[in-house]
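S.K.: This is the structure, below, for whatever I ask next.
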Amino acid sequence: MLKQFFIICSGSDTDILEQCSKGEQNKYAGIGATVFFTAVMAFIAASYALYTVFDNVFIAIGFGFIWGLLIFNLDRYIVSTIKKTGNVIDELIQASPRIVLAVIIAIVISKPLELKIFEKEINQVLLEQKNELTLANKNQIAEQFTPAIQGLNNDIATLQQQIDTKETEVNALYDTYIAEAEGTAGTKLLGKGPVYKEKREKHDALLAELQQLKAENKSKITAAENQIATLKGNYESKIVTTQPVINNFDGLMARVNALGKLPWLLVVVGRNSDHFFYVSFLKIILGSPPV
């Protein structure tokens, strides 16, 4: 029963094969088995590849099954349409487009399996890429907010410098009128005379200006600090919003690119699995055609 099923898979004429030797029947049963198991591997590979895309088991299995049927029919067609002519050149010309098609099918089937074989190594490469993308993302977002924050910090520094300068002037006037009262400077007359009163009034006027300047600048500094806090909050919010995009950077194309970044010798060893598909297809195509 199983042998008959594989013969059907090979695309051979079952009526003619019934009259042939057991060896000939086994030969085409082997060809059919290769076609069938190639389709099974195509189903597994496509299901895994589509799972990395849709992240849904049922969708992956459904489309994987359809892909497996497509590969089965295409492979069966390739095998069943090869005809022996006795002329090697004619046979090669006839087989060349099918050989190309077979290699393409082999690559399509083997690539997802290759991704699965190197899944742990690929995950490590993807983690490094995600970390790099995270840092780059933070730097790019920071470029949007840093100039504004830096400008506000400069404004705060300028406002504070104005207060400090005015305080220095007020302190200098204070020392002047105190020294005048003590007779250690100015007129050097002890007591609170007209010069003392003049210097005291100048100090008091400048002190009033200082108090007003402090009130105004403190208000401006508080407003600037609030703006800085808002900008920093927007910066953090944007990072949180964009981070999921980076976290999901593990799709099919990202994994294929990550596979290409693995050490060459490691990939060569893993790609021995590809050779199974290449050799299987080529043996089927270049071997004896179905009767």
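The values are calculated or read from the model by the stated rules, or taken from the named source; none is laboratory data. Values in this document were obtained by computation on a predicted structure and should not be read as measured data. Quick reminder, even Gly has a Cβ in these numbers, built from the backbone with ideal geometry, and neighbours come from all protein chains shown.
S.K.: Just checking, which of L133, L113 is touching a Ser or Thr at 6+ places or on another chain (Cβ under 7 Å) and touching a residue at least 40 places away in the same chain (Cβ under 8 Å)? Spell out the reasoning first.
M.R.: Working: L133 fails: touching a Ser or Thr at 6+ places or on another chain (Cβ under 7 Å).
Step by step, each of L133, L113 is checked, and only L113 is touching a Ser or Thr at 6+ places or on another chain (Cβ under 7 Å) and touching a residue at least 40 places away in the same chain (Cβ under 8 Å).
S.K.: Here's another thing I want to ask about it. I want to confirm something. Restricting to segment 104-135 and keeping residues that are surrounded by fewer than 14 Cβ atoms within 10 Å (Cβ to Cβ) and of a type in the set (V, I, T), which single residue is farthest from the chain's Cα centre (by Cα)?
M.R.: I104
S.K.: What number of residues within segment 24-39 are among the aliphatic types (A, V, I, L, M) and either surrounded by fewer than 19 Cβ atoms within 10 Å (Cβ to Cβ) or not assigned by TED's automatic domain parsing to the domain that holds A106 (or both)? Walk me through it before giving the result.
M.R.: Kept after step one, since they are among the aliphatic types (A, V, I, L, M), are these residues of segment 24-39: 29, 31, 33, 35, 39.
Restricting the remaining residues to those that are either surrounded by fewer than 19 Cβ atoms within 10 Å (Cβ to Cβ) or not assigned by TED's automatic domain parsing to the domain that holds A106 (or both) gives 33.
Going through segment 24-39 one residue at a time, the tally reaches 1.
S.K.: Okay, moving on. Just one of (1) polar (S, T, N, Q); (2) within 22 Å of the chain's Cα centre (by Cα); (3) at pLDDT below 80 trips up S273, so point out which.
M.R.: (2)
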